[in-house]
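**Q** Quick one: the structure is below, questions incoming.
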Amino acid sequence: MKKNNDIATTICAVSTPAGVGGIAVIRVSGKEALPVCSKIFVPAQKNKTLEKQKAYTVSYGKIFANREIAGQAHNDKDGELLDEVLATVFRAPHSFTGEDIVEISCHGSAFIQQEILKLLLTNGCELAKPGEFTQRAFLNGKMDLSQAEAVADVITSASAAAHRLAMNQMRGGFSNELHQLRGKLLNFVSLMELELDFGEEEVEFADRSQLIELAEDIQTRLAGLVQSFSWGNVLKNGVPVVIVGETNAGKSTLLNLLLNEEKAIVSDIHGTTRDVIEDVININGILFRFIDTAGIRDTTDEIESLGIERTFRKIEQAAIILWLIDTTHFNKEIEYIADQIVPRTKGKKLILVFNKIDKISPEEQQILEEEFLPQVPAERIYLSAKYKKNTEKLEKILLKAANLPELNETDVVVTNLRHYEALTKALESVSRVEEGLKINLSGDLIAQDIRECMHYLGEITGEISTDEVLGNIFGKFCIGK
Ligand SMILES: Nc1nc2c(ncn2[C@@H]2O[C@H](COP(=O)(O)OP(=O)(O)OP(=O)(O)O)[C@@H](O)[C@H]2O)c(=O)[nH]1
Ligand SMILES: [Mg+2]
């Protein structure tokens, strides 16, 4: 793992969310964390300065508004009291970043937070960049790259399943496994490269049949991980459910109902929604991503046509399709719409949602049940989005349709696109290794493929990383994380 002990700056940032809360936590990390904080923090116990404070203990004290000059903090005679705070001290290397850290818990006012930050900046700190605390944790060898990325996932996880996956990744389950696979490959490739040193002599240090076994093993494992992405992604970002159908069927009404929020405009004008509108919501511990779309009809309106094209694209990306049908309004259009939707739903779950049943009689509903497109294989539900009738039943159908496996704490599931891409490439190279071995390809070519596979595995854990990759990953974090 990459070690970096010469990070010179001491950084600070508010680590709690922006805005007003009961308390806020300002985190300071770096070589100068203790002396800098000591300049602005006046401990209640006069002789217990932060520098003398034991690691992992908290002390109570004051911060004054005009403590900008070194050495003045230990005299609270003058200056306007800014806040009474708690300071927690962590010492290198046993801290989140691996550096000395002081966490100042102050009252949650935005003004107090800003003033304390200003005091820290005038006393020699720099404002942390997005994700810089976690980046330092990585650079100081406290965690590998996939664990650092999991920190962001843990922070944003919005359902029990996503949380469990992120926690597992943060604890290093995934990295450990990749690290081991990589170690085994390294072992082999070293032996093969040794053979190459012997040039013309026919020596074989690396046992080919063992290597085939290993390559097969690794292939199976990588293929499993690559496959897990399809639902790992769903668990993290929500099961994509697209709401489609004719104009005015009540799609936006249903979206608002499911999200419990007036997200989309509802009106009785046909073609109200022209773009896709989406949001996620947690139903019984599973995250769903509901996507409202432009109603499908044969139109010459250019903008509406673009909207309808987007509808089709969203159907492609969805796992579940809710086809909304207006039960009060039947005409030959429905055949046209069926032709547009049904062929696009292969391999996906299609649910026929008959809406506005508040407006039809039980007899009419009965006729629909018997006669409406009987050849379309799909679950059917009758509801009223406007009057919230049968919507619990719809949620049950959705949960069933999502069909997500129960996860164990130790299950390794790939949820990160970057990992998925690297694993896919690693899988390709290890497949080439296996093929090469089977046709007795020369050692140098096989060694090259092994190295390539190791490279991609190393990219995930950060054993191989570039500044660009790091910038990309940590730049997506918030400041203070
Ligand atoms: N009676 C009744 N009216 C409904 C129901 N659901 C929606 N509506 C009404 O139907 C009209 C159209 O609803 P929207 O949700 O805007 O329909 P949409 O499918 O999004 O329409 P477009 O965006 O134009 O494609 C509105 O006047 C709604 O109030 C329902 O269950 N019963
Ligand atoms: Mg709409």
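**Q** May I ask you to compute the full-extension gain from Glu370 to Thr299, defined as 0.36 nm times their residue separation minus their alpha-carbon distance, rounded to one decimal in nm? Intermediate results must be reported in sequence, preceding the final value.
**A** Numbers: separation 71, 0.36 × 71 = 25.56 nm, distance 3.06 nm.
Result for the pair: 22.5 nm of gain on full extension.
**Q** Restrict the search to the range 352-438; then list the GluC sites (Glu not before Pro) that DSSP places in a loop and that have at most 12 other Cβ atoms within 10 Å of their Cβ.
**A** On the way: sites: Glu363, Glu364, Glu369, Glu370, Glu371, Glu379, Glu392, Glu395, Glu406, Glu409, Glu421, Glu428, Glu434, Glu435; in loops: Glu406, Glu409.
Taking the range 352-438 and a limit of 12 other Cβ atoms within 10 Å, the loop GluC sites (Glu not before Pro) found are Glu406, Glu409.
**Q** Quick one: order Ser109, Ser267 by neighbouring beta-carbon count within 10 Å, fewest to most.
**A** Working: Ser109 15, Ser267 10.
Going from sparsest to densest Cβ surroundings: Ser267, Ser109.
**Q** First select every other residue whose beta carbon is under 12 angstrom from the beta carbon of Glu302; then total the charges, Lys and Arg +1, Asp and Glu -1. Write down the numbers at each step before the final one.
**A** On the way: positive: Arg274; negative: Asp301, Glu304, Glu309.
Local net charge: -2.
**Q** Hey, what did the chain get for relative contact order, percent, Cα under 8 Å, at least 6 apart? Display every interim value, and only then the final one.
**A** On the way: 854 pairs, mean separation 81.2, N = 481.
About 17 percent, as a whole number.
**Q** Something else: Loop-only trypsin sites (Lys or Arg not before Pro) in the range 323-397, please: DSSP not H, G, I, E or B, and at most 13 other Cβ atoms within 10 Å. Write down the numbers at each step before the final one.
**A** Working: sites: Lys332, Arg344, Lys346, Lys348, Lys349, Lys356, Lys359, Arg380, Lys386, Lys388, Lys389, Lys393, Lys396; in loops: Lys332, Lys346, Lys348, Lys356, Lys386, Lys388.
Listed in order of number, the matching sites are Lys332, Lys346, Lys388.
**Q** What FRET efficiency, computed as 1/(1 + (r/R0)^6) with R0 = 35 Å and r the Cβ-Cβ distance, is obtained for Ser267 and Ala158, rounded to the nearest 0.05? Intermediate values should be presented prior to the final figure.
**A** Values: r = 31 Å, r/R0 = 0.87.
Rounded to the nearest 0.05, the efficiency is 0.70.
**Q** Under 17 Å between alpha carbons, and skipping anything fewer than 8 positions from Lys359 in its own chain: which aspartates and glutamates qualify?
**A** Leaving aside aspartates and glutamates fewer than 8 places away in the same chain, those within reach of Lys359 are Asp268, Asp326, Glu369.
**Q** What's the extension gain from Lys396 to Leu441 if we count 0.36 nm per residue and subtract their Cα-Cα distance?
**A** Working: separation 45, 0.36 × 45 = 16.20 nm, distance 5.52 nm.
Working it through step by step, the gained length comes to 10.7 nm.
**Q** Which pairs break 23 Å Cα to Cα here: Lys400/Lys425; Lys31/Lys129; Lys129/Lys236; Lys31/Lys52? Don't skip to the answer; put the middle values down first.
**A** Numbers: Lys400/Lys425 34 Å; Lys31/Lys129 17 Å; Lys129/Lys236 25 Å; Lys31/Lys52 15 Å.
Table pairs above 23 Å Cα-Cα are Lys400/Lys425; Lys129/Lys236.
**Q** Diagonalise the Cα gyration tensor of the range 168-255 and give the resulting equivalent ellipsoid semi-axes, square root of 5 times each eigenvalue, largest first, whole Å. Mind showing how you got there, number by number?
**A** Numbers: eigenvalues 502, 45, 17 Å².
Equivalent-ellipsoid dimensions as semi-axes: 50, 15, 9 Å.
**Q** If you don't mind, another one. Between Lys332 and Glu84, what is the label-point separation in nm under the 7 Å Cα-to-beta-carbon projection?
**A** Label-label distance for Glu84 and Lys332, simple model: 8.1 nm.
**Q** Mind checking which aspartates and glutamates have their Cα closer than 12 Å to the Cα of Lys184? Skip sequence neighbours fewer than 8 apart in that chain.
**A** Straight-line reach from Lys184, under 12 Å: Glu213, Asp217.
**Q** First obtain the Kirkwood hydrodynamic radius of the range 393-481 from its Cα pairs, then insert it into the Stokes-Einstein equation at 20 °C and 1.002 mPa s, and state the resulting D in µm² per second as a whole number.
**A** Working: Rh = 16.4 Å.
D, rounded to a whole number, is 130 µm²/s.
**Q** Find, among the trypsin sites (Lys or Arg not before Pro) in the range 171-250, those assigned to loop by DSSP (not H, G, I, E, B) with at most 16 other beta-carbon atoms within 10 angstrom.
**A** Numbers: sites: Arg171, Arg182, Lys184, Arg208, Arg221, Lys236; in loops: Arg171.
Loop-located and lightly packed - Arg171.
**Q** Averaging sequence separations of C-alpha pairs under 8 Å and six or more residues apart, then dividing by the length of the range 15-173, give the relative contact order as a whole percent. Please list the in-between numbers first.
**A** On the way: 280 pairs, mean separation 36.3, N = 159.
It rounds to 23 percent for the range 15-173.
**Q** How much length is gained if the chain between Ser230 and Lys46 is pulled fully straight, taking 0.36 nm per residue apart and subtracting their Cα-Cα distance, in nm to one decimal? Walk me through the numbers before you get to the answer.
**A** Numbers: separation 184, 0.36 × 184 = 66.24 nm, distance 5.83 nm.
This chain segment gains 60.4 nm when fully extended.
**Q** Debye sum, Cα scatterers, the range 226-296, no solvent: what log₁₀ I/I(0) at q = 0.13 1/Å?
**A** Calculated log10 I(q)/I(0) at the listed q: -0.40.
**Q** Here is a further query. What distance in nm separates the two pseudo spin-label positions at Ile281 and His455, each 7 Å out from Cα along the beta-carbon direction?
**A** Simple spin-label model gives 4.8 nm for this pair.
**Q** Mean 1/r over all different Cα pairs, inverted: what Kirkwood radius does the chain give, in Å?
**A** Values: mean 1/r = 0.0372 Å⁻¹.
After inverting the pairwise mean of 1/r, the radius is 26.9 Å.
**Q** Return the calculated 222 nm mean residue ellipticity for the chain, to the nearest 500 deg cm²/dmol, obtained by summing -39500 (n - 2.57) across DSSP H runs with n ≥ 4 and dividing by the residue count. Mind showing how you got there, number by number?
**A** Details: 15 runs with 213 residues, N = 481.
It comes out at -14500 deg cm²/dmol, rounded to the nearest 500.
**Q** For a quick check: with amide H placed at 1.01 Å from N, whose amide H comes under 5 Å from Glu126's, ignoring anything fewer than 5 positions away on the same chain?
**A** Amide H neighbours of Glu126, under 5 Å, 5+ apart: Thr10, Ile11, Cys12.
**Q** Here's another thing I want to ask about it. May I ask you to order 210-217, 53-60, 443-450 by the average number of other C-beta atoms within 10 Å around their residues, highest value first? Walk me through the numbers before you get to the answer.
**A** Numbers: 210-217: 17.0, 53-60: 13.6, 443-450: 19.4.
Going from most to least packed, we get 443-450, 210-217, 53-60.
**Q** Where a Cα-Cα gap under 19 Å defines reach, which aspartates and glutamates qualify for Lys54, not counting those fewer than 8 residues away within the same chain?
**A** Glu32, Glu99, Asp100, Glu103
**Q** Report the Cα centroid-to-centroid distance between the range 452-481 and the range 233-306 in angstrom, as an integer.
**A** Answer, in whole Å: 35.
**Q** Assign one of three labels to the range 132-188, namely rounded, prolate or oblate, based on the Cα gyration tensor with a ≥ b ≥ c the square roots of its eigenvalues; rounded applies when a/c is under 1.5, prolate when it is not and a/b is larger than b/c, and oblate otherwise.
**A** Oblate is the answer for the range 132-188, as a/c is 1.5 or above yet b/c matches or exceeds a/b.
**Q** Using a Förster distance of 51 angstrom, determine the FRET efficiency expected from the C-beta separation of Arg313 and His94, and round it to 0.05.
**A** Values: r = 50 Å, r/R0 = 0.98.
Step by step, r from the Cβ atoms, then E = 0.55.
We did not get these values from a lab; they are worked out from the coordinates using the rules stated. Quantities reported herein were computed from a predicted structural model and do not represent experimental measurements. Here Cβ is always computed from backbone atoms with ideal geometry, including for glycine, and neighbour counts include all displayed protein chains.
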